[in-house]
Amino acid sequence: MQWETVIGLEIHTQLATQSKIFSGAPTAFGAEPNTQACAIDLGLPGVLPVLNAEAVRLAVRFGRAIEAEIASRSVFARKNYFYPDLPKGYQISQYERPIVGRGKVEIVLDDGTIKRIGVTRAHLEEDAGKSLHDPGLVGDGQTGVDLNRAGTPLLEIVSEPDLRSPQEAVAYARKVHQLVRYIGISDGNMQEGSFRMDANVSIRPPGQEELGTRTEIKNLNSFRYLEKAIQFEVERQVELIESGGTLVQETRLYDAVKDETRGMRSKEEANDYRYFPDPDLLPLEIDAEFLATATSDLPELPDAKRERFHAEYGLSEYDASLLTTSRELADYFEAVARETGEPKLAANWIGGELMAALNKAEIEIGQSQVTARMLAGLIKRLQDGTISGKIAKQVFESMWSGEGDADQVIRSKGLEQITDSGAIEAMIDAIIAANPGQVEQYRAGKQKVFGFFVGQVMKASRGKANPQQVNEILERKLRA
Amino acid sequence: MENKSIAQLAADLRLRTYSSVELTRHYLERIERLDSRLNSFISVAGEAALASAERADLALKSGDVGPLTGIPIAHKDIFCTQGFKTSCGSRMLDDFIAPYDATLVERLAAAGAVMLGKTNMDEFAMGSSNETSFYGPVTNPWDQTRVPGGSSGGSAAAVAARLCPAATGTDTGGSIRQPASLCGVTGIKPTYGRCSRWGMIAFASSLDQAGVLARSAADAAFLLDEMAGFDPRDSTSADVPVPDYVDALDDDIAGLRIGLPKEYFGAGLDSGVAASIHDAISEYERLGARISEISLPNSPLSVPVYYVVAPAECSSNLARYDGVRYGYRCGHPADLEDLYKRSRAEGFGAEVQRRIMIGTYVLSAGYYDAYYLKAQKVRQLIADDFRRAFEQVDVIMGPTTPTTAFPLGAKTDDPVAMYLNDIYTIAANLAGLPAISVPVEPAEGLPVGLQIVGDYFQEARLLNLAHRYQHVTHWHQAAPAGFE
């Protein structure tokens, strides 16, 4: 039987503020447990929350970036439940009136078509702390609580159930990830938990309007796990229904080691969160001035940038899309293109050598040993004929290993191209003289032997002979 | 000494008739000698009080002083005091020592006031008789078989018995005004947001407001001058200019329009209390005020609305007391759930548990709309009643409580009867309005309080009205037998 997969994602992205959403404690990652939690984060008696305006500014930027309505009045609510890492016994979140309303995100499908994914809402909330079970840290059979993360600002971005495959879900999640980093509201660091995803998954017969019973897979912190978890869950649901079973609405966890999802709690066991407006915080009012200031310096967004790269630089859709993956990469490209006046060449080098080197070293563009200026310098030497394409790759490698810029490498290694036709002719004469058999073959019509001669010349010149000149002179001499 | 007003004490300190250390020692000695009959203090500061009195004396010598420099006061044990136990009347916080001062504690200390100690209260401010305290009930100085009212019962009893010149209190549904009325002292609950809630342990955040209990409106004005004002640490605190309350005390009240809500003079009002209130209102007429009857049609709904809204907020506010980080923890918990259940069952008293249960219920899925949401709508109607009333009159007067102080234990088994004691006070909290209770002629030897409710931020007007009345009457000066 055929089934249609229906997926909606909830993404928790940590906002890049210096201090917490309701207190002045710092948000830096990795400090000693409980050293970045103040009286407010600890939920001591009598303390009160005060909203961090920076978190609001960042949420507003996101809303604008997905062309969503920004609520002029939104309300913080308390989500009540007991857990040791939740100091107040409730989490301050937004429930009925979120700060960001309906918006959209576009993803590119495998066949190149663009699909619009609805964003239902995005709301501000505080993160909880962490429970520590490591015996080395807290002792055998003990659980420790680290409240450093408690009160860290989060933006929860909720999508419509518009995603139809694990691949679409990943494309959407990547797009949101790209967006939050573009507009500078989150570092998006997945290892540190700055970008966590919950997937709501259900299946239904194609053509059916009504949604099937859904399960929610919690806390996925990599795109690969997101894809695999959904894949597994869809297969599990199909098998269960086709074998006559009944799905229960429940929360599940993905076990990456076993590559499976497991039930955590069912709807019946679920907490009744007893949401109600937080009486410690006034409704959040956003006026036109705040909105304008918060969004006035929004950078060019990825979709617009991609379009522009395509139109302005004549890049292929693929290259335009690749080079706009991150703002840093796009800026790098534009710097090289501007400096050299050779956007296509710049795109090729960045998409080829540079990306390969970055991937191999597992580093980001910002940490690249070869700066945009250095790559531009290399391309210029290639353009003005100082070096050949082949030598250029060698120069790139030397730059990557820290041997200086292109000119320094070319000079110190003597890699300038040989363009003196007299010198090239002399080399060719010697080679022709040394290989009479191959000359015979060529003259008998075996065109392929030409390549042998080119190879010999390049070998003799250690790759430095100008290839165009080599071709011309060789052809002339062999024909003679 | 203990019968002097704050203005007189301040003048004496300045003239060095006695030092702040002597004054403080005098009050500490009275507490030591007399409080065993009242149980109005949970903790007495002793040495710490004398140390701050010494600092006040130094300031007095240097001349760098305000009206409260060297004046002893007491704080309700709901205000956090850095390094000094803050119990909130609960076993849950019996060992809790806050690492910070409440804003009010900080402000009054900065003004030079000397903290004598922390006063007894209903557990987490939930009660109208001070009988829910983990530290035992407080008795009424006028009759020690009777309750002092609550939840600021310790503050009211201590002020009435002259164990301190003035004390702070908090008022969520009448917790300053009702004990002030029952103990014969002056108690003001300012507009919601007028005084910061930072460091004041929350009961019901949208209703809680700090205020003062003192023997006179003038004494209260001296404290409120220091307490009122915006605090960036409390998002609900009002950024509205604070007038000088002492300056406004003597303002003329001729021509002022006083409204008497007919709903506050109906069935359930004790006839003795009614007679005293009518006498007081006649006094205002003699002072030139104009009296008219008004209606607050939704006021009968205020008690049921309050007992939805306040428990709802309290059920969430008190969730932090879970035995995990601080406060009471049960012995040998078997697992996490056991830790939660027993710590809270053993750490909280019956009334607190009852309200947590009610609050949890009214916020639950399927009940939220019928209870919490409906209550919020009615709350708005109650506020609208007042808005309309203040288009016709300047202030509203009536009894603070339907009866005088009732005997200890009389209502402990009947929560609804207990709750009805706040029938006249709750509406001001629901609407967020300022209100004051002023002692008038006692009924059968027990104090009676006149409640005056004003429009938003009209505290100066309320203190002024109370002061003008106290200028021509002596009820507020009467001391209970044995505490003169």
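What FRET efficiency, computed as 1/(1 + (r/R0)^6) with R0 = 41 Å and r the Cβ-Cβ distance, is obtained for residue A:191 and residue A:452, rounded to the nearest 0.05? Efficiency for this residue pair is about 0.20.
Listed from fewest to most Cβ neighbours within 10 Å, the set B:271, B:437 follows the order B:271, B:437. Charge tally for residue B:157 (other residues, Cβ to Cβ under 11 Å; Lys, Arg +1; Asp, Glu -1): +2.
Annotation: the residues B:115, B:200, B:357, B:397, sorted from fewest to most other C-beta atoms within 10 Å of their own C-beta, follow the order B:357, B:397, B:115, B:200. Beta bridges assigned by DSSP with both partners in the protein assembly as shown are antiparallel in approximately 85 percent of cases. In plain terms, the bigger the Kirkwood radius, the slower the diffusion; for segment B:57-202, with that radius from Cα pairs, at 37 °C and 0.692 mPa s, Stokes-Einstein puts D at 216 µm²/s. Each Lys and Arg adds +1 at its Cβ and each Asp and Glu adds -1 at its Cβ; summed about the Cα centre, segment A:302-413 shows a dipole of about 340 debye.
Within segment A:421-479, the proportion of C-alpha pairs whose separation exceeds 18 Å stands at 22%.
Would you kindly calculate the translational diffusion coefficient of segment A:66-209, applying Stokes-Einstein with the Kirkwood radius from alpha carbon pairs, for 4 °C and a viscosity of 1.567 mPa s, and quote it in µm² s⁻¹ without decimals? Reported coefficient: 74 µm²/s.
Where in chain A is the longest stretch that carries no GluC sites (Glu not before Pro) classed as loop by DSSP and with at most 15 other Cβ atoms within 10 Å? Between exposed loop sites, the widest span is A:97-191. When the Cα gyration tensor is reduced to axis lengths a ≥ b ≥ c, the ratio a/c is 1.5 or higher for segment B:194-326, and with a/b not above b/c it is classed as oblate. Neighbouring Cβ atoms from other chains, within 10 Å of the Cβ of residues in B:357-365, number 3 on average. The overall shape of segment A:329-480, judged from the alpha-carbon gyration tensor, is prolate: a/c is not under 1.5, and a/b is greater than b/c. Summing Cβ point charges (Lys, Arg +1; Asp, Glu -1) relative to the Cα centre of segment B:53-129 gives a dipole of roughly 100 debye.
Within the set of other residues whose C-beta is less than 14 Å from the C-beta of residue A:419, count the net charge using Lys and Arg as +1 and Asp and Glu as -1. Result for the neighbourhood of residue A:419: -3.
Once you charge only the Cβ atoms, +1 for Lys and Arg and -1 for Asp and Glu, what is the size of the charge dipole of segment A:421-479 about its Cα centre, to the nearest 20 debye? It comes to approximately 160 debye. For the peptide A:78-90, the mean number of other protein chain Cβ atoms found within 10 angstrom of a residue's Cβ is 5. Placing unit charges on each Cβ (+1 for Lys and Arg, -1 for Asp and Glu) gives chain A a dipole about its Cα centre, and among A:417, A:436, A:237 the Cα reaching farthest toward its positive end belongs to A:436. If the viscosity is 0.890 mPa s and the temperature 25 °C, what translational diffusion coefficient in µm²/s does Stokes-Einstein give for the protein assembly as shown when Rh comes from Kirkwood over Cα pairs? Translational D for this selection: 74 µm²/s.
Each of B:80, A:38 has some number of other Cβ atoms within 10 Å of its Cβ, and from fewest to most they run A:38, B:80. For chain A, the membrane-span-like helix rule (DSSP H, alpha carbon extent of at least 15 Å along the helix axis, mean Kyte-Doolittle at least -0.5) picks out A:53-65, A:223-242, A:372-383, A:389-400, A:421-434, A:449-460; this says nothing about an actual membrane.
Pairs of Cα atoms nearer than 8 Å and 6+ residues apart set the relative contact order; for chain A it is 14 percent. Here the mean projected area of the convex hull built on the C-alpha positions of segment A:306-345 is 2.3 nm². With a cut-off of 11 Å between beta carbons, the residues surrounding residue A:381 carry a summed charge of -2, where Lys and Arg count +1 and Asp and Glu -1. Sparse packing (at most 12 other Cβ atoms within 10 Å of the Cβ) combined with a DSSP loop state is found for the following trypsin sites (Lys or Arg not before Pro) in segment B:13-70: B:16. Candidates B:164, B:278, B:370 compared by Cα position along the dipole of the protein assembly as shown: farthest toward the positive end lies B:370, with charges placed on Cβ. Solvent-free Debye calculation, one equal scatterer per alpha-carbon of chain B: log10 I(q)/I(0) at 0.06 Å⁻¹ equals -0.24. If both residues of a DSSP beta bridge must be in chain B, then about 70% of such bridges are antiparallel.
The P(r) of segment A:302-413 has a tail past 20 Å containing 36 percent of all C-alpha pairs. Over segment B:349-469, all Cα pairs binned in 5 Å intervals from 0 give whole-percent P(r) values of 2, 9, 14, 16, 17, 15, 13, 9, 3, 1, 0, listed from short to long.
Peptide B:319-329 has a mean of 5 when you count, residue by residue, the C-beta atoms of other protein chains within 10 Å of its C-beta. Each of A:376, A:350, A:394 was scored by the projection of its Cα onto the charge dipole of segment A:302-413, and the greatest displacement toward the positive side belongs to A:394; charges sit on the C-beta of Lys, Arg, Asp and Glu. Both radii were evaluated on the Cα set of segment A:4-294; the Rg over Rh quotient, with Rh as the Kirkwood radius, amounts to 0.97.
Any read-out appearing in this document is the output of simple, stated calculations on the displayed coordinates, not a laboratory observation. Note that this is a predicted model, so its numbers are computed, not measured. Positions of Cβ are generated from backbone atoms using ideal geometry, with glycine treated the same way; all protein chains shown enter the neighbour counts.
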